[in-house]
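Q: Sharing a structure here in structure tokens format.
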């Protein structure tokens, strides 16, 4: 099911994991590892590139015009209990 929800916060974590908060308040974890052998995501194998993840227009993007659709992020991610992960990140970025 494709749910069209914007990503409102992202935190890149070790192991090529993204912690995502969607506009409905859900916090979910997405593992980018299976994509790292495919273009253009292979450029994110380098951790410094991966940790450049940020939000533009409701989705996660990286320098070099790399992005992934928010519905893919939602559909292929798993829920995380609690909200502490991203709240901490938001405070760090403030």
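Bear in mind that the values in this text are calculations on the coordinates, not laboratory data. Everything quoted here is computed from the prediction, not taken from an experiment. Here Cβ is always computed from backbone atoms with ideal geometry, including for glycine, and neighbour counts include all displayed protein chains.
Q: Fewest first, what order do 35, 57 take by the number of other Cβ atoms within 10 Å?
A: 57, 35
Q: Treat each spin label as a single point 7 Å out from the Cα along the C-beta direction, and report the residue 4 to residue 57 distance in nm.
A: Output for this residue pair reads 1.4 nm.
Q: For region 1-53, what is the convex hull volume of its Cα atoms per residue in Å³?
A: Normalising the Cα hull of region 1-53 by residue number yields 93 Å³.
Q: Neighbour counts of other C-beta atoms within 10 Å: give me 45, 11, 39 arranged from fewest to most.
A: 39, 45, 11
Q: In what order do 21, 65, 26 fall by count of nearby beta-carbon atoms within 10 Å, going from fewest to most?
A: Listing 21, 65, 26 from fewest to most nearby Cβ atoms yields 65, 26, 21.
Q: Defining a contact as two alpha carbons under 8 Å apart and six or more residues distant in sequence, what relative contact order in percent does region 7-93 show?
A: Once normalised by length, the contact order is 31 percent.
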